[in-house]
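J.: This is the structure, below, for whatever I ask next.
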Amino acid sequence: MEENALIIGSETVRKHLSVQDVIETVEKTWKWYGEGRIIMPPKITTDMSSAGVDGWFNTMPCYIAPLNTAGMKIVGGFAGNHALGLPYIKASLVLISPETGLLRAVINGDWISDMRTGAQPAIMARLLAAKADIITIIGAGQQGYTSLLCMSKVLDIKEVRICDISKKAIETFISRFVDFPFKVVPFENRETACRGSDIIITATTANDTLVKDAWVDPGTLVMTMGSFRETDYDLIRNADLLAVDHPEQALHRGNFKELGESRELTIETFDIVVPYILAGKSRRGRRKGTDRICAQLVGMGCLDVAVASLLYNRILESGDEVLKADMSK
């Protein structure tokens, strides 16, 4: 019987997992979800602002049959963290035995959450982009960084255009890619950065029009990753194809939320569901090179739990000493 739960910190996470591990696990888990082998209720948001706490968190439980694991991701934004030297977004992961309910592990989820977030646009771009010579990223924070890091593993990139309201953030972003085989160019004007781009990614906390329909050329793949609207409505309405990772969640948060609430968008509106493509249930993807695809990535907690399960098994196999707690009593 499993008795000792592992307590896993960020250094141990990085020791046993690579970026490539995360990309491969995310793709497999998307496929399993498309095959119906994952049980994942909708995420629950707890907003504490009405009680005077400037923060929120999501809880995302799931069961993954191919891994025989169950667990939950807890991730949120906490406004006071910057003053404490902590990132605004903090994540934790919990694994349990699906047979007994005994706790298997409690894991610092920051690195896993960041990298699985970046793996999503990398896989989607590999499946849906007409080409990837020029990529525009709006948002020079951690999500923008991990997106480009993961895309660099699977795409042949020639130029990256980076936009952000913070010049310091842009400088930091560029400094992290000095040894990569593509150039990273700062852009102050979003329109100029978007025109002529093959892939446009928005990864911000904004609720604003960051990308306009008129700026997006034929053949461009636009991927939004923020929790709120990041493009104008016309880009969504005029896109040749709409793509999502999770249809139900896509109607309730992110770039498609407002049109979903007005019923202008429904589940049937979405042309491409990436997990279904990977599962072989749908062959619908890019039809021609000139298709403009507007895609939304909301994120799925089962991806983090799958990566956490890989980590847990690798630590057990390695025999490394980690902090343990007997949770059977």
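Only the coordinates and a few stated rules stand behind these numbers; no lab work does. The model shown is predicted, which means the values in this text are computed figures rather than measured ones. Glycine also receives a Cβ, built like all others from the backbone with ideal geometry; neighbour counts cover every protein chain displayed.
J.: Let me check against my output: what whole-number percent is the relative contact order of the chain, with C-alpha pairs under 8 Å and at least 6 apart?
T.: So the answer I get is 22 percent.
J.: Oh, and also: What is the total of Lys pairs in the range 132-258 with C-alpha atoms under 30 Å apart, excluding same-chain pairs fewer than 8 positions apart?
T.: Taking the Cα cut-off of 30 Å, the pair count is 15.
J.: Which of the aspartates and glutamates could a cross-linker bridge to LYS324, judged by Cα under 18 Å and excluding same-chain residues fewer than eight apart?
T.: Output for LYS324: GLU2, GLU3, GLU11.
J.: Per residue of the range 6-23, in order, report the coupling 6.51 cos²θ - 1.76 cosθ + 1.60 (Karplus, θ = phi - 60°) as ³J(HN,Hα) in whole Hz, putting x for Gly and Pro.
T.: 8, 10, 10, x, 5, 5, 5, 4, 5, 5, 9, 10, 10, 4, 5, 4, 5, 4
J.: Also: So, in nm, how far is label GLU3 from label ALA206 when the simple model puts each one 7 Å beyond its Cα toward the Cβ?
T.: Taking the simple label geometry, GLU3 and ALA206 are separated by 5.6 nm.
J.: Please give the contour-minus-distance gain from GLU191 to MET48: 0.36 nm per residue of separation, less the Cα-Cα distance, rounded to one decimal in nm.
T.: 47.8 nm
J.: Something else now. How many angstrom separate the Cα center of the range 59-96 from the Cα center of the range 184-231?
T.: With the range 59-96 and the range 184-231 each reduced to a Cα centre, they are spaced 28 Å.
J.: Taking amide H positions as placed 1.01 Å from N in the peptide plane, with prolines and chain starts having none, which residues 5 or more places from MET223, or on another chain, fall under 5 Å of its amide H?
T.: Those qualifying (amide H under 5 Å, at least 5 residues apart or on another chain) are ILE200, ILE201, THR202, ALA295.
J.: In whole Hz and in residue order, list the ³J(HN,Hα) couplings for the range 254-264 that follow from phi through the Karplus curve 6.51 cos²θ - 1.76 cosθ + 1.60, θ = phi - 60°; x for Gly and Pro.
T.: Whole-Hz 3J(HN,Hα) from phi for the range 254-264: x, 5, 8, 4, 5, 6, x, 5, 7, 6, 5.
J.: Same structure again: What whole number of Å gives the distance from the Cα centroid of the range 21-54 to the Cα centroid of the range 249-323?
T.: One Cα centre to the other: 9 Å.
J.: How large is the helix-only mean residue ellipticity at 222 nm for the chain, computed as the sum of -39500 (n - 2.57) over DSSP H runs with n ≥ 4, divided by its residue count, in deg cm²/dmol to the nearest 500? Working shown, then result.
T.: Working: 11 runs with 107 residues, N = 329.
For the chain, the value works out to -9500 deg cm²/dmol.
J.: Mind listing the long-range amide H neighbours of ASP291? Cut-off is under 5 Å, sequence gap 5 or more, other chains count too, H placed in the peptide plane at 1.01 Å from N.
T.: GLY219
J.: Continuing with the same structure: Within the set of other residues whose C-beta is less than 11 Å from the C-beta of PRO66, count the net charge using Lys and Arg as +1 and Asp and Glu as -1.
T.: +2
J.: Along the range 24-39, what does the Karplus equation 6.51 cos²θ - 1.76 cosθ + 1.60 (θ = phi - 60°) give for ³J(HN,Hα), rounded to whole Hz, x for Gly and Pro?
T.: 5, 5, 4, 5, 4, 5, 4, 4, 4, 5, x, 7, x, 9, 10, 9
J.: Under 25 Å between alpha carbons, and skipping anything fewer than 8 positions from LYS329 in its own chain: which lysines qualify?
T.: Correct list for LYS329: LYS73.
J.: If packing is taken as the average number of other Cβ atoms within 10 Å across a peptide's residues, how do 36-42, 199-205 rank, most packed first?
T.: In decreasing order of mean packing, 36-42, 199-205 become 199-205, 36-42.
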